[in-house]
Amino acid sequence: MTDSLKNTALFAIVAGLIVMTGFTESWNTALFIVNMGLISAIMAIGVNLQWGFAGLFNVGVMGFVALGGLATVLVSMDPVPEAWSAGGLQVIGGLILGALIIVAAGVAVSRLPKGRMRSLAAAAILIGGFFLYRAVFDPAVAAIEAVDPAATGYLGGLGLPVLLAWPVGGLMAAGAAWLIGKTALGLRSDYLAIATLGIAEIIIYILKNEDWLTRGVKNVNGLPRPVPYEIDLQNSAQFVERASGWGVDPVTASTIYVKLGYSVLFTVVLALVLILAQLALKSPWGRMMRAIRDNEVAAEAMGKNVTARHLQVFILGSAICGIAGAMMTTLDGQLTPSSYQPLRFTFLVWVMVIVGGSGNNFGAVLGGFLIWFLWVQVEPYGLALMNLITAGMPEGSALKTHLIDSAAHMRLLTMGVVLLLVLRFSPRGLIPEK
Amino acid sequence: MIVVDEIHKHFGGFRAVDGASLSIEEGSITGLIGPNGAGKTTLFNVIAGVLQPTSGRVTMAGDDITGLPPHDLFHKGLLRTFQIAHEFSSMSCRENLMMVPGNQSGETLWNTWFGRKRIADEERALRAKADEVLEFLTIEHLADHKAGQVSGGQKKLLELGRTMMVDARIVFLDEVGAGVNRTLLNTIGDAILRLNKERNYTFVVIEHDMDFIGKICDPVICMAEGKVLAQGTLDEIKANEQVIEAYLGTGLKNKEQVGA
Amino acid sequence: MDFLNAIVALLNFVVVPATVYGSQLALGALGVTLIYGILRFSNFAHGDTMAFGAMVTILVTWAMQAAGMSFGVLPTALLALPFGILGAIALVLLTDRVVYRFYRAQKAKPVILVIVSMGVMFIYNGLIRFIIGPNDQRFADGARFIISHRDFKEMTGLREGLAIKTTQGITVIVAVLCVLALFYFLNRTKTGKSMRAYSDNEDLALLSGINPERVVMVTWIIVAALATIAGTLYGLDKSYKPFVFLQLLLPVFAAAIVGGLGNPLGAIAGGFVIAFSEVLVTYAWKKVANYVLPEALAPDGLAQLLSTDYKFAVSFVILLIVLLFRPTGLFAGKSV
Amino acid sequence: MKKMLMATAATALMAGSAFAAGHAKEVKIGVILGFTGPIESLTPSMADGAEMAMKEVSDSGLLLDGATVTSVRADSTCIDAAAATAAAERLITSDKVDGIMGADCSGVTGAILTNVAVPNGVVMISPSATSPGLSHMNNEDNGLFFRTSPSDARQGVVITEVLMDQGIKEVAVTYTNNDYGKGLADSFQAAFEEAGGTVTINAAHEDGKADYSAEVGALASAGGERLVVAGYVDQGGSGVVRAALDSGAFDTFHFPDGMISAKLLENFGSEIDGSSGAHPSPSPELAEAFGNLVDGAFDHTSPFTPESYDAAALMMLAMQAAGSKDSNDYKSKIMDVANAPGEKIGVGELAKGLQILKDGGEIDYVGATGVELIGPGEAAGTYREISFDDGKDNTARFR
């Protein structure tokens, strides 16, 4: 069997699984899996660029995804004028002040002669600056958060179309990646991993605790949508008429219609990302990246600026994760900072990349769809399996209850087993790098 | 061409290079010999920018190049090979060569999306050049083989070939003969001599095979315990008493240290 | 008197809890660091290894309690601990046999092993929940306090109390014993020395006739024992819940890295650095300041550097700072 | 392709609904809770509570002429909005549930509500999502969303009254860092300060974390006569109480609803003597009745378990009142059966309620928590004030 035949077959199998869900469960479920699969595929491509093509071990995916989500709020929500007048400018002033303090400390370090004086001066600037910053920043934050905390209590966004948030999410993630890459990319594999893991946690802590920016754990609900609301469709005479023309009841027609709308948008983004990534990889740029991944020392000796290239691909991959994060938050319709957990947003994406095939973008796409499908479907299948296993046991037996209650935990178990099986028997993934 | 001035490189208390000074004439093939642990490779790595010297200065044609990163040195025309071949294993031999030239327009992301035509033209020229080099090295039959799967000697040739993809001014060869059979070593030696004559490459060669050194190198520099002991033709070096003692003495001393 | 009160308050709310937490982190970090030194990868499944060992201990403890066994003033769990260790050893050796050995034979890159350990983490995670469920489990018994804050106040007549729980005492003592035993083992026994040699230079160690599979096996056994002890002590002192151990993994890693991966001494130091920084940076100095400073100078606010919301961020910021300025940790660890 | 997909989808759905119509005597209720994730230890007994109500109704044989009620569980994960949406999507469009008992955490509840329940027109009753943020959704939720747990604002006032009556003017607050904890802590602080009290510190703790010494250190330093613990009993809440007791930082506490459970006494016994607490409960008899009904099958005192029972019960009673299991028919009846006028229906009396409704009468469902829905589908809540003495929880009064 040739490679392309095998790959087509693999995609066909995953497509078949999803279509089967459509027949056995519902087309809404199937379409939802497709939509999240598209987003997952984009995330997987982002990680694949970093890992598969540059060997960068980024375990901070969650942080970039969350920044994309933040972008959605900042771009699309309406501004809260009361909050702005309560302390908006002061908060921004405080942030600028904070940045200036760090710059001042940097200047002190670079200008003063090396020695105890320098350390003392830098420490004095930082410590004094910290209190100054807090003195400006804290009251403004308190003022903003006091504005109707149950409903707003934050600055809101810019009130722009939500689709704009996708590129903005990418840019925000790219900005963070630049900052992180500048400092942490010098570290080697495991250290980089833990450092990015830690940075992602810090980003989430900021999202969770800076209520003036994100409403924190109180969540931002009701983000605008790029597609119509189902209710509006159901209330539109024209739509209902068209639906009955198809022979579908309006509720179903509207839910499917909205999901298809998302599918089209997501597919466009995925196609764009995939095409750009493939073009880059099939050109001297991709060759250079592979050289760097194969042997950094030799690539450096052959005139390639490895540090700069690592930074570039780190930013690129993170930006893609940011875009996917913004898309996901748009689909969810809300920003829930406490929902960002490494297990779901970092490790699961890694499973997608490894299972799909690191170093191959189509592999990443396949992995994104397959793993997301399993993540969702293992739950009902697991329950069915447990019911089957326990069918012979007497009703109410402790073991039976225990097993059925534990069925929900099949999900993690399955992810682990799939990951290990693929790593063992097809270590380079289902669609390996050519 | 290259002047090394009082380079020290210490690892903790261990002085790998201990005040080495030497100069390399343009157009020469300089051999660098010395017992194991003499600091040859460390000095190489300091010159090539892989390691920062503890103190000292390296200049190239009068410019201070101390501590410049390897990719900057590459663009100044200073290239190197490695003791253990550093091929790009998942790429074909041809690709190993094609990646070398700097400032390819296809290395800019923007061009990969919007400058396809220019890239295609450049690639054609690069490919032709790479095939030329492979032919020069008599390994044209390996063009499409993965570099990770060819023999050790062929990898060494490939590394030498990489230096031919650009106009190098000086090439450092680190134990080019290690693990290479006699026939292939002769091929490498021939290639070095030809490059030196035809393209006026300057070479610095670390090697243990004295026959090989004798055949291609002049002058020869001998190092021991991080210092330069002597410089001259191979015969002069072989006759130098300090050198003889160093080869015998440090050999023993090193063994004791290893045993401790 | 006020000065004494300030010191006691500081001891009670900072020094004692941070020391205990630091010991727990140090034991966890030792396991991570040993795996890194010998098997050369960061083991993401370590948190769940701790959870598994503690789980077996708990199950055995319950059985003992049901059978009427007790350990006097000490928790019964200490009696059950050896069984927990055996269970964890069985699990990790089985995992090594089925999973890791394959990659070792292939000489896979460390990063691949890290990803493999993520898979193992997922599986342990599910396994533990299958067996004991996701709930909080209580298994502590025996005397609660070595000295309670009320007793202390009565004894000294101070306004501030100092409490030391039995579990806190046990934690610190056991941690010290474990560390002593480990260092004795590494420095004095033949197997320990060969482990260190293997960790320093694998090739050289192989040349001198060390059997790598044996070294790996011994490492896993020690790691399983340390993980079980850390997990059980943690469960005794706080509470046992499977979900917590995944969260514990992050500070444990931070501790191991701050100390320098692969360096046992560093792991211990790292554990305490992380624990103390978490408590100190977010500590509200109001109380202490009120005792020490004259009334006019006493702060109005809490005198807190950072709100406790950012507690965990603190440990990661320290991790980053250490990595940036001493990339291999405080006690030079391995850099590859 | 798109058209074809639509057409296929349509046929499949038509077939599905025809199939469902043939089994009119089966009512399906989706139970969507975080069976995995951060509150995985709370959810099993919540689900059991809801399913007990379903069993009670099924056994009575009175609902919609002898319909049986089956429960379909799904995992909301508490945190992963996408997975929760997928699960809800399956419940509604594949399993065709007639209503959803859930979800638990406010984040996923909001996601399911806007993305699945409202578009498909299915009623959702959450037993535990207390975020005031969700209240605002009622404008857009088509009257489909209800909750049996009272909003934070109400409880903030109750706690203030309890403390003020005991003459306590200065307290420290710690809350679990999610929308429940934060919302409750904020609304309590507002109410308490308005009443002239002082909150010395309002500090978060993260559930499921390793160590709470830093939090307790800060709380102790801030001081206060009592510590208000707006957390979960088998999560960080107990961890903080444990550390506060052991270090002598606080002797007495106030426990809001997330902390009131048998677990609390099991964990702390007489150590928390002198503390206060309050949770939604109509009367001691009903609380006891709920306990008797459960009869040890699961932990009936676990937080939000009675609320879950009530959520499921309300849904079924409303179906009976509307004579239909269609969400759009019975959604308007939920307020009717929950509130006066009508005969009071307590826990374990669902059969009686069904019978009255069947006969055309009116009921006022009280349930296990004294459900009283106010405004746009929220519980007003009668609170049982508790005082802890001699290692027991004693009912002080009802508010």
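Below, the figures for the structure above:
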| item | result |
| --- | --- |
| Qualifying residue in the range C:213-231 (condition: surrounded by 21 or more Cβ atoms within 10 Å (Cβ to Cβ), of a type in the set (Val, Ile, Thr) and under 28 Å from D:ALA204 (Cα atoms)) | no |
| Residues being out of contact with any strand residue (DSSP E or B) (no Cβ under 9 Å at 6 or more places or on another chain) and touching a residue at least 24 places away in the same chain (Cβ under 8 Å) - total across the range D:325-349 | 4 |
| Qualifying position, being within 14 Å of chain A (Cβ to nearest Cβ), of a type outside the set (S, T, N, Q) and in contact with a helix residue (DSSP H, G or I) (Cβ under 7 Å, 6 or more places away or on another chain), among C:ARG159, C:ARG129, C:ARG196 | C:ARG129 |
| Residues that are farther than 22 Å from A:GLY286 by Cα and either in contact (Cβ under 8 Å) with a residue 24 or more places away in the chain or in contact with a Phe, Trp or Tyr (Cβ under 8 Å, 6 or more places away or on another chain) (or both), drawn from the range B:110-133 | B:VAL133 |
| Single unsatisfied condition, C:ARG150 versus (1) more than 9 Å from every other protein chain (Cβ to nearest Cβ); (2) out of contact with any helix residue (DSSP H, G or I) (no Cβ under 9 Å at 6 or more places or on another chain) | (1) |
| Test for A:ALA123: is it farther than 28 Å from A:ASN221 by Cβ, in contact with a Leu (Cβ under 9 Å, 6 or more places away or on another chain) and assigned to a helix (DSSP H, G or I) | no |
| Residues satisfying the stated conditions in the range B:49-84, i.e. within 16 Å of B:TYR201 (Cβ to Cβ) and surrounded by 15 or more Cβ atoms within 10 Å (Cβ to Cβ) | B:MET60, B:LEU73, B:PHE74, B:LYS76, B:GLY77, B:LEU78, B:LEU79, B:ARG80, B:THR81 |
| Test for A:THR330: is it more than 30 Å from C:VAL114 (Cα to Cα), part of a helix (DSSP H, G or I) and not charged (D, E, K, R) | yes |
| Some residue of the range D:305-316 being among the aromatic types (Phe, Trp, Tyr), at negative phi and outside the structural domain of D:ALA230 (by TED's automatic domain parsing) | yes |
| So D:ALA322, is it under 20 Å from the mean Cα position of the chain (by Cα) and modelled with pLDDT of 90 or more | no |
| Among the candidates C:TYR36, C:TYR21, residue that is within 28 Å of A:VAL59 (Cα to Cα), within 13 Å of chain D (Cβ to nearest Cβ), in a helix (DSSP H, G or I) and among the aromatic types (Phe, Trp, Tyr) | C:TYR21 |
| Residue within the range A:107-119 that is within 14 Å of chain C (Cβ to nearest Cβ), in contact with a Leu (Cβ under 6 Å, 6 or more places away or on another chain), among the hydrophobic types (A, V, I, L, M, F, W, C) and more than 23 Å from A:LEU67 (Cα to Cα) present | no |
| The listed residue being within 21 Å of the chain's Cα centre (by Cα) and away from chain C (no Cβ under 14 Å), out of D:PHE188, D:PHE253 | D:PHE188 |
| Any helices (runs of 4 or more DSSP H) falling wholly within the range A:1-100 and containing at least 2 residues that are closer than 24 Å to A:ARG428 by Cβ | A:3-24, A:27-51 |
| C:SER307 vs. criteria at pLDDT 85 or above and either touching a Pro at 6+ places or on another chain (Cβ under 9 Å) or facing chain D (nearest Cβ under 10 Å) (or both) | no |
| When residues of the range A:387-434 are limited to those that are within 26 Å of C:ILE112 (Cβ to Cβ) and small (Gly, Ala, Ser), the one surrounded by the fewest Cβ atoms within 10 Å (Cβ to Cβ) | A:SER426 |
| From the options A:GLY303, A:GLY286, A:GLY367, residue that is more than 10 Å from every other protein chain (Cβ to nearest Cβ) and either part of a helix (DSSP H, G or I) or without any contact (Cβ under 8 Å) to a residue 60 or more places away in the chain (or both) | A:GLY367 |
| The listed residue being of a type outside the set (Gly, Ala, Ser), touching a helix residue (DSSP H, G or I) at 6+ places or on another chain (Cβ under 8 Å) and outside any loop (DSSP other than H, G, I, E, B), out of D:TYR175, D:TYR232 | D:TYR175 |
| Considering residues of the range A:351-375 that are of a type in the set (Phe, Trp, Tyr), farther than 12 Å from A:ILE42 by Cβ and under 18 Å from the mean Cα position of the chain (by Cα) only, the residue surrounded by the fewest Cβ atoms within 10 Å (Cβ to Cβ) | A:PHE373 |
| Enumeration of residues in the range C:272-304 that are among the charged types (D, E, K, R) and either closer than 26 Å to A:LYS208 by Cα or facing chain D (nearest Cβ under 8 Å) (or both) | C:GLU278, C:LYS286, C:LYS287 |
| Count of residues meeting criterion [part of a helix (DSSP H, G or I) and not assigned by TED's automatic domain parsing to the domain that holds A:LEU70] in the range A:141-190 | 5 |
| Given (1) in a loop (DSSP other than H, G, I, E, B); (2) without any contact (Cβ under 8 Å) to a residue 12 or more places away in the chain; (3) not small (Gly, Ala, Ser), index of the condition C:ASN135 fails | (2) |
| In the range B:85-95, residue surrounded by the fewest Cβ atoms within 10 Å (Cβ to Cβ) [restricted to those that are more than 8 Å from every other protein chain (Cβ to nearest Cβ) and not charged (D, E, K, R)] | B:SER92 |
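Residue-wise test of (1) touching a residue at least 12 places away in the same chain (Cβ under 8 Å); (2) in contact with a Ser or Thr (Cβ under 6 Å, 6 or more places away or on another chain); (3) part of a helix (DSSP H, G or I); (4) within 11 Å of chain A (Cβ to nearest Cβ).
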{"site": "B:GLY31", "(1), (2), (3), (4)": "yes, no, no, no"}
{"site": "B:PRO35", "(1), (2), (3), (4)": "yes, yes, no, no"}
{"site": "B:THR41", "(1), (2), (3), (4)": "yes, no, yes, no"}
{"site": "B:GLY49", "(1), (2), (3), (4)": "yes, no, no, yes"}
{"site": "B:GLY67", "(1), (2), (3), (4)": "yes, no, no, no"}
{"site": "B:ASP72", "(1), (2), (3), (4)": "yes, no, yes, yes"}
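Listed here are the residues, each with its yes/no results for (1) within 14 Å of chain C (Cβ to nearest Cβ); (2) in contact with a His (Cβ under 8 Å, 6 or more places away or on another chain); (3) small (Gly, Ala, Ser); (4) surrounded by fewer than 24 Cβ atoms within 10 Å (Cβ to Cβ).
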position	(1), (2), (3), (4)
A:GLY52	yes, no, yes, no
A:VAL75	no, no, no, no
A:VAL80	no, no, no, yes
A:SER85	no, no, yes, yes
A:ILE92	no, no, no, yes
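Condition check ((1) modelled with pLDDT under 85; (2) surrounded by 24 or more Cβ atoms within 10 Å (Cβ to Cβ); (3) outside the structural domain of D:GLU26 (by TED's automatic domain parsing)) across all residues:
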residue	(1), (2), (3)
D:GLY107	yes, yes, no
D:ALA111	no, yes, no
D:VAL123	no, yes, no
D:GLU194	no, no, yes
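The values are calculated or read from the model by the stated rules, or taken from the named source; none is laboratory data. This is a predicted model, so every value here is computed, not measured. Backbone-built Cβ (ideal geometry, glycine too); neighbour counts: all protein chains shown.
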